[in-house]
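Every number here is computed from the coordinates shown, using simple stated rules; none is lab data. Everything quoted here is computed from the prediction, not taken from an experiment. Here the Cβ positions follow ideal geometry from the backbone for every residue, glycine too, while neighbour counts run over all protein chains shown.
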Amino acid sequence: MTDQERSLPSPIEDYALLSDMRTAALVGKDGSIDWLCLPRFDSPSCFTRLLGDDHDGHWRIAPTTEVTRTERAYRGDSLVLDTDFHTDDGVVRVTDSMPPHEKNVEDQPCLVRVLEGVSGEVRVRVRWVVRFAYGHSMPWVRHVRETTPVLDEYLLALAGPHTVVLRGDELPRRKDDERAHEVVLTVREGERFTWVLQWSPDFDDLPPPMDPVQETQDSEDFWSEWSGKICYRGPHREAVHRSLATLKALTYGPTGGMVAAPTTSLPEVLGGSRNWDYRYCWLRDATLVLLALYNFGCTDEALAWRHWLGRAVAGDPADVQIMYGVNGERHLLEWEPDWLDGYQGATPVRVGNAAFRQRQLDIYGEVMDALHLARERGVTETQASWSMQRGMLKHLETIWQQPDKGLWEVRGPDRFFTHSRVMVWVAFDRAVKAVEEDGLPGPVERWREIRDTVHAEVLIKGWNEDMGAFTQYYGSTGLDAATLLIPTLGFLPGNDERVRSTVRAVQRQLQHGVLVDRYTTSPETNSVDGMAGREGSFLACSFWMVDALALCGYREEAERMFTDLVELSNDVGLYSEEYDLANGRFTGNFPQAFSHLGLVNSAAVLYGGHTREEPSRRDGRRQV
């Protein structure tokens, strides 16, 4: 195998997303699909080059000769991706898509690739390397040719419970010296070759052949129809539509749960150990998700997310977690596939997320705020749902005075994080509003007393007069970008001098250009998060700064910053979790829902979202 064939994965910003609302694939500018988990977002991967090298599985379609220029774009607002490879001999186009199967649980994931000659005559190599179980399991691949009842020829890859089928016009053949399959084609102008990869739960009952050209067209039509219901007339339309489509793509269709990202262990700092599995659904995304979806007319998706939220947190309120699986699974045990080298050498690789066991008090505020928002948007509160919320509040009454790990899920000591305390206030504030404004039953006097107590406490203990800012935790001199949410949450108005002073302090200490860090990290072990090494700037926090500036009355500054952040996306409009300013690189899991949520919600703050008349937020949180 040549060095090129065993090459490392591409820069994170060179990837594009494919999704069928069950799982997702990442395809690089080099024509290589380097990440695909089947059949769900959180399933083991069959292409794992992203966390190792070519040996760990990939599917590449690219010219054999030097590529002089690569151009790619999604078709309109869809997730159908066209990549044009320019060579001295001509141009070929690879079109990639995953046919969306949103609701029908009997549909199985598949990936469609179409190769077309645009001009000239180009030699193209198709290389297919399947490795199940995160690159650990070498499958048995056999070439099958059936003649009854109709001709059907395919490659069948089997290993334990894993089965995939590859059909195509020209099937790759086994290389004698390698456990890989490859075919080299001469593609002339006007010629077309197609392939379809399908997953099957049972090798004795394989999925039938598909028409790849029709599936590609159907995929484009699905996304075009879906994007047509987005209500937005403000600036940066393409960025807003692409972000909303990305959020849709990260939603698990059968349940409505939205994963934070489709990847695991892409490092927050290149070569570092801050590598986490984000293929799960976080409760703290609840309000941001509902705001993003409701504000832009995506009502069905908002209702599906609310339904998932209600199911996930049902049960004993003491057992509420910060995150769940896409079906509401609770046990997300963390382990390390130590045979993987990690993304460009960043180890360890982690599967699962041990933070699901953490106590993070902010999630109670997130859930209460999300359901409060749903009521304001006309969703009828059921007896069971309100009973569940009352149970959560009753439990919160017993634990609200305890320290926690905070929204950043630190692996250091528990502390009284200012943001967590603000979110405790949010939980009881929204409960009081449920009684006063929506007529729901509950011990409103007790809730009001706790709400007011927490509010006064934060104003005293969270505020540092010397710093002129609300700090990261009580008694700290460090800052945290989460305090930018104070006016967004309605804890204090944006024209409060303490809010404005905090915004300017965060700018001085945590902002670099248009990028904002979550908090200060250092090369040594950080006393706050318990981890060694620095990290990149957190893109969601940068959008929070936009919101805070707008709410504080600095609109022109907010609009300039928003424009600069929009331009920071990659060439197909996607964002990772963080940005490494020193290296000009995306870092962290990709694409990141939190970043895209930040973008669309900032667009709503600045320019409005939904164009139809709708009730304004009574809590002063966001007027759109």
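Taking every DSSP helix (H) stretch of at least 4 residues in the chain, weighting each as -39,500 (n - 2.57) and dividing the sum by the residue count yields a mean residue ellipticity at 222 nm of -9000 deg cm²/dmol. Here the Kirkwood formula puts the hydrodynamic radius of the chain at 25.2 Å, using every distinct Cα pair. Excluding same-chain neighbours fewer than eight residues apart, the lysines reachable from K248 by a Cα-Cα span under 19 Å are K103, K229.
Give me the lysines in straight-line cross-link reach of K405: C-alpha distance below 29 Å, same-chain residues under 8 apart excluded. Once the sequence-local lysines are set aside, what remains near K405 is K394, K433, K461. Rounded, prolate or oblate, given the Cα gyration tensor of the stretch 243-298, with a/c below 1.5 counting as rounded? In terms of gyration-tensor shape, prolate.
Kindly identify the stretch 126-268 as rounded, prolate or oblate by the Cα gyration tensor criterion: order the square roots of the eigenvalues as a ≥ b ≥ c, call it rounded if a/c is under 1.5, otherwise compare a/b with b/c, prolate if a/b is larger, else oblate. Because a/c hits 1.5 or more and a/b exceeds b/c, the stretch 126-268 counts as prolate.
Relative to its residue count, the stretch 421-512 spans a Cα convex hull of 88 Å³ per residue. Model label sites at T563 and R173, defined 7 Å from Cα along the beta-carbon direction, differ in position by 5.8 nm. Here the simple spin-label model places points 7 Å from the Cα toward Cβ, and for E449 and E182 these points are separated by 7.6 nm. Within the stretch 12-225, the percentage of alpha carbon pairs spaced more than 31 angstrom apart rounds to 14%. Rg then Dmax, both in Å and based on the Cα atoms of the stretch 279-355: 15.8, 45.
Charging the Cβ of each Asp and Glu at -1 and of each Lys and Arg at +1, and nothing else, the dipole of the chain about its Cα centre rounds to 1380 debye. Here the gap between S137 and C231, fully extended at 0.36 nm per residue and compared with their Cα-Cα distance, gives a gain of 29.2 nm. A full extension of the chain between K394 and R508 corresponds to an added length of 37.0 nm, given 0.36 nm per residue minus the alpha carbon distance. The order of the peptides 135-146, 83-94, 418-429 by mean Cβ neighbours within 10 Å, most packed first, is 418-429, 83-94, 135-146. Which shape class applies to the stretch 1-135: rounded if a/c is under 1.5, otherwise prolate when a/b exceeds b/c and oblate if not, where a ≥ b ≥ c are the square roots of the Cα gyration tensor eigenvalues? The shape class here is oblate. From most to least packed by mean Cβ count within 10 Å, the peptides 108-116, 337-345, 261-269 give 261-269, 108-116, 337-345. Can you work out the FRET efficiency for the pair D88 and V213, with r the C-beta to C-beta distance and R0 = 22 Å, to the nearest 0.05? For D88 and V213, the calculated efficiency is 0.15. Applying 1/(1 + (r/R0)^6) with R0 = 56 Å to the Cβ-Cβ distance of S501 and T64 gives a FRET efficiency near 0.40. Modelled label positions at E191 and T382, each set 7 Å beyond Cα in the direction of Cβ, lie 5.8 nm from each other.
Between S273 and D221, the C-beta separation translates, for a Förster distance of 35 Å, into a calculated FRET efficiency of about 0.20.
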